[in-house]
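Each remark here refers to the structure printed beneath this line.
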Amino acid sequence: MSRARRTLHWARRLVGYLPLSWAGLAVGLGAAFTLSRYGLDQADFTLRAGCFVVLAVLGCAMLFVLLGALVFNLSLGQALKRHLEHDLDVGADLSTGLRIPRFKWWPFIDISLEWLDPPGFEPRLVVDGGQYVEQVTAVERGRIFGITRRFTIRDVFGLSAFSLIKHQTAAIRVAPAMGDTELAVALRHSSGDGYSHPSGKPVGEMIEMRRYSAGDPLRFVLWKAYARTRKLLVRTPERALMPQPSAVGYFVAGERDEPTASTTRYFLERGLLGQSFSFVADGAPGIATNTADALEAVIDSVHHRAHGGEGLDRLAAAVDPRQLGHCVFFVPASDGPWLDRLAAFSRTLPAPPSIVLAVDDELEPPSRGGTRRWWQEAPTVSRELSKLPALYDRLRATGGEVRIVHRPTGRLIGPVELDALRRL
Amino acid sequence: MKRTLRPGRESAGIARMQALVYGLAAALYLARIATPVGLAAGAACAAIAVLLARFMWRRHLKVGVGVAIAAVGGVAATLFGDWFLDTSLFSSLSARTTIVAADALYFGLLCGSVTFGLRLLAAWRQIFSVLEVALVVGSAAYTFLDHRNLNIHRPRFLADWALSQGIDPALILQGLGVITALMAIVLLVRAQRLSKLLISLFALLIVGGAVYWFSKDVLIEMEVVTGLGLTDQEQKDKDKGKSEGDKGEDGKGGGSEKDKGDGKGGSDGKGGGGGSGKNPFGGSSQQPPPHPVAVAVFHDDLESKNGILYFRQQVLSHYDGNHLVVDDSGDYDKDVLTEFPQTQTLAAAPVQREAFFTRVPTSMYLLVDHPQPLALSSSVQLTPTENPNPSRFVAAYGVISLVLSTDYRRLVGRGSVDPEWSPERVEHYLKTPDDPRYAALAEEILRDIDPRFAGDDLMKALMIKRYLEVEGFYTRTVKYKSDEDPAAAFLFGDKRGYCVHFAHSAAHLFRSQGIAARVAIGYAVDTNARGEGSSVLILADRAHAWPEIHIAGVGWLPFDIYPQRSDEKPPQLVERSLESMLGEMARGDKTGGIGDGDSDWAMPWATIGWSILAIFGLVLLVGYVVRGLRLLRPALGGGHAAAFVALLDGFSAVGLQRATDETRERHAQRLAALVPSLPPLTQLHLRLALGGPAPAELHAELRRLCAASRAEFRGALPIWRRAVGILNPYGWVRTR
């Protein structure tokens, strides 16, 4: 490292210890300049007093922030020495048990918290009496062995801020969120194509009936029965007598795979892969044959996103070739090298595989018609969904049958929606 | 898809406060330049623009578009303002109405646009709030900027009022500065919990009060540049430069650190000499700004013979091989007092013969630090006096000066060098550069002298003075600083220079002819450029250097050169009102001569305090009355809703009110652990409220549940919390 870089590095570190924000620095420099140039040199009483006040407030803010940081550091005590162990699902709230002072009666200062490591957690401070209690929501699966938190004590004017970085050992297992009940409806709509029911293949005539549930096509409603009983009933296909053959599942890790991980968990826990399935996830050392092991493999796959699909060859070698006729691939909703690997592997399969992916993004961006698009900020809608049609086309090109699940609504994204997305 | 509002950076309450701050800032700024209608329009539009900016920000207005709108608004303000004046569309309006309407249109649009753009930027990035703070503080500073540079008689509307009440205008100005800064800081506040905000604002007030309290009596040490190194600041700068550079040129060095707060004035007297060994030929080419530096109050009438009053600070008599510097041996110039009187009277050596002089008693009040005392030339006695206003005057002391009362013509025939002087003293005052041209030029000048006065030193001096006045050209544009002998470069060059060149050249020419001479430095006040009163305001631009010659048996006399040609602008007239005001203040009149002098006005803190207390009491009373009425409503036949609301008021008083977006049922469930009867009571209330007419027994049941809930509530809360609830006058405001 050159001397200049070393100097810059140390200067940055030094500035990091200064309890000043950029606004505080600007206010301080501006007040000092004005005080010198006008307050003192030109004996401007108004500016002199005003600048003294501004500098005094800045000084007080810095003092309180530093004092608050000191008190905060002392009050933490042994709290972060405790080993943290928890199991939770993505999206669920976790109270870590960390309690920190609120500084309720302190003027000027307030405190905020963020997790530097691991990423993908949204901590927040919830008021509980005179203290804050830390609550956190995980936004992606994984295993956490340590938490690095940054506590920032800042003043209410945004002039001064001081950060403390603290580490805590932990063993937190974050499982993918379980899909909601509407996902079941979405999958049932795919009946006739192999995934409508865990125990049978509903390929028969529409002779059975059940209570109407949200999402059922109206054309299957038995209106005569409704006229008689005032109950909505729908016709459903006759279930296959033969149980659905066990499938092979493979979870491809990659960017934006969290919704698919959630869907995978749904498949596993609802037995949609059959009674004796084989399951592999990227990065998993072996083949899982039960739900628990499969779920752990999905959780661990979060660390192998850069190597998505690299375990497909192992899958071919390890699984009974007869099972490969019912392959289900759970893939991320983003393009990547895994796509080529999947395409190559699909060509070796005896039957076209099923490919399942899930997305979370908004399907319908808010209307910004008229002049609004000129003056109004675009909503923070992920643009990733606009890439979905291209991904769909490439997946289709592998010869597999692609099913895209919109996780928030549980709906399957069909050709109509895909066409709409193409125009985004 | 429903689009949510963008979170505002501040709550509605804070936004209203900021609108008020912007409105006041706009009003302050426009007070100098706008008509009352224009001022009102500007202030109102600025306040509205704050709320509008918040509204648009929350509706996701693009920042760039907002700023563009603001810019367009600013341009439109200019165009429409002019258009309104020029157009014939409103020819039916009177001229006055047209001007007022144009003013309102212009300032309204301008203030609204600027505020709107700035507020949006500040909502986008907090760093832009710094601009807002600068804008608000700058508005106040602009309104009162006339008082800068110690012109405390301005702005008139403020200073006249304050002085007539016996209040130092500086106190008012500083108070305004404190208030403005506090208001400006409010613009930095972002969304906060109410309690935190109130505590912080309260702390802010304490900080502002403390700053005001500690700074109101602190003297402002204004940095005044005279170009001749007369002020303390200049001396320090010189000493600093000297310590870094040529230490050999040092005189005694250093000014004096005065004890400014003792009310006694004066100096500790450690200075003296003042380090004028620094090259004096290096002043600024600009005329110094006319900042007030001192006030002299004459105790007797004095009529200057030549219209100039010389206030001497120090003299340069020792030739150091390059130019004249302050003598640091202590053997010479004992007639010059170089120390401030601290506790006792200081007297100069009796060099001046009093028979030729008039004793003129004066009092000096320095507004700017000087390293040596400044006094009417020639001062023979300095007396410590009480500083009437330590926050205004740096030092105060009495002076007895000897002013020549004899006509110069009566001094003709006297030699310059006193026969009693020692050879060393003679050599000291006659030493000149080793340049034969001085003597040659002097002899050439004196070639035409009237033979009757051929041996007369005074006449010789007059001839030389006359020569320089005719041949010299006064200009600040030439320095000769880098020349080995700047005076020679001036004198034997094109004779273009300023007072230092003239004074040194004259002193060298005098000395070459055996006339004892030295250079005095101080201020020369033109009596034609001042008022008629007994006080003389000395301004920095009157800094001057002049030669003094010695006449045996008389003493040292100012012998100034007045060049006939000059490119210098004539000096500004002294502000007579400021001169007389400072003079009156120096005499101890707080009103500066504006009030009746006996006025002992003081801030009516007691009235203010009682008023605040009364308002506070009234607010409390209103709260309690409303609360009491709500509590009594069930007993006065208010129905089931009134009973339920009265119960909820109790919850709200201790902070257990229904949250926003919380249903009544959920609220009841939340408090069920505390008040088990609340859920059934809520159900019953909803049934009665929504279900139409109900039997009387349900109403009775509701009253029973209300009573039960109240009892449970009382039992569940600690005493202190109940007390807080009872005392809270405005808990009902949060009942929903």
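The values are calculated or read from the model by the stated rules, or taken from the named source; none is laboratory data. This structure is a prediction, so every number in the text was calculated from the model and none was measured. No Cβ is skipped: glycine too gets one built from the backbone with ideal geometry, and neighbour counts run over all protein chains shown. Just the protein is used for accessible areas: all its heavy atoms, side chains included, with ligands, DNA and RNA removed. Shrake-Rupley method; radii C 1.70, N 1.55, O 1.52, S 1.80 Å.
Averaged over the residues of B:209-217, the number of partner chain Cβ atoms lying within 10 Å of the residue Cβ comes to 3. What's log10 of I(q)/I(0) for the protein assembly as shown at q = 0.06, 0.09, 0.10 Å⁻¹, Debye sum over Cα points only, no solvent? Taking Cα atoms of the protein assembly as shown as identical point scatterers yields -0.77, -1.20, -1.33. For chain A, the membrane-span-like helices by this rule, meaning whole DSSP H stretches whose C-alpha atoms cover at least 15 Å of axis and whose Kyte-Doolittle mean is -1.0 or above, are A:3-17, A:22-34, A:45-76, A:258-269; this says nothing about an actual membrane. Normalised by 2.2 N^0.38 Å, with N the number of residues, the alpha-carbon radius of gyration of the stretch B:76-197 equals 1.44. Of the GluC sites (Glu not before Pro) found in the stretch B:416-493, those in coil by DSSP whose Cβ has at most 14 other Cβ atoms within 10 Å are B:420, B:484. I'd like the accessible area for residue B:615: 1.4 Å probe, protein heavy atoms, all chains in place, Å² to the nearest 10. Counting only protein heavy atoms, the figure is 110 Å². The 1.4 Å probe gives accessible areas that order B:29, B:438, largest first, as B:29, B:438. The residues of the stretch A:153-178 listed by number as losing at least 10 Å² of accessible area in the complex, against the isolated chain and with a 1.4 Å probe, are A:156, A:157, A:158, A:159.
Taking only protein heavy atoms and a 1.4 Å probe, the accessible area of the stretch B:583-736 is 65% carbon and sulfur.
Expressed as a whole percent, the accessible surface of the stretch A:232-337 that belongs to carbon and sulfur atoms is 54, based on a 1.4 Å probe. Solvent-accessible surface of protein heavy atoms, probed at 1.4 angstrom with all chains present, puts A:229, A:34, B:226 in the order A:229, A:34, B:226, largest first.
Among the chymotrypsin sites (Phe, Trp or Tyr not before Pro) in the stretch B:650-736, those located in a DSSP loop and surrounded by at most 16 other Cβ atoms within 10 Å of their own Cβ are B:730. Along the positive direction of the dipole of chain B (beta-carbon charges: Lys, Arg +1; Asp, Glu -1; about the Cα centre), which of B:206, B:492, B:401 reaches farthest? Result: B:206, furthest along the dipole toward the positive end.
Residue ranking by accessible heavy-atom surface, 1.4 Å probe, largest first, among B:667, A:9, B:60 comes out as A:9, B:60, B:667. A crude spin-label estimate for the pair residue A:117 and residue B:85, with each label 7 Å from Cα along the Cβ direction, gives 6.7 nm. At a probe radius of 1.4 angstrom, the accessible area of chain B per residue rounds to 45 square angstrom. Among the listed pairs B:334/B:460; B:460/B:495; B:305/B:465; B:495/B:569; B:431/B:465, a Cα-Cα separation exceeding 22 Å is found for B:334/B:460.
Projection of the Cα convex hull of the stretch B:438-577, averaged over all directions and equal to a quarter of that hull's surface, yields 9.9 nm². In this structure residue B:343 has an accessible area near 130 Å², from a 1.4 Å probe over the protein heavy atoms. Angle check, please: helix B:36-58 long axis (alpha carbons) against the longest principal axis of chain B (alpha carbons), in degrees 0 to 90, nearest 10. The answer is roughly 50 degrees.
Taken along its principal axes, the alpha carbon cloud of chain B reaches lengths of 136, 65, 51 Å, longest axis first. Legend: residues in the stretch B:61-84 shielded by at least 50 square angstrom of accessible surface upon adding the remaining protein chains to the isolated chain (1.4 Å probe, heavy atoms) are B:62.
The angle separating the long axis of helix B:576-586 from the principal Cα axis of greatest extent in chain B is about 90 degrees.
Total buried accessible area between B and A, probe 1.4 Å, nearest 100: 4300 Å².
Each part reduced to its alpha carbon centroid, the stretch B:339-403 and the stretch A:383-424 end up 96 Å apart. In order along the stretch B:616-624, the Karplus-derived 3J(HN,Hα) couplings, from 6.51 cos²θ - 1.76 cosθ + 1.60 at θ = phi - 60°, round to 4, x, 5, 4, 4, 4, 4, x, 5 Hz, and Gly and Pro are given as x.
In the context of the full set of protein chains, the stretch A:11-160 has a per residue accessible area of 44 Å² (1.4 Å probe).
Here, the stretch B:433-481 has an Rg and a Dmax of 13.1, 40 Å when only alpha carbons are counted. Using a probe of 1.4 Å on the protein chains alone, the accessible area found for residue B:17 is around 60 Å².
Other protein chain C-beta atoms within 10 Å of residue C-beta, averaged over A:23-30: 5.
For chain A, the gyration tensor built on C-alpha atoms gives a prolate shape. Its axis ratio a/c (a ≥ b ≥ c) is at least 1.5, and a/b is the larger of a/b and b/c. Averaged over peptide A:53-64, the number of partner chain Cβ atoms lying within 10 Å of each residue's Cβ comes to 5.
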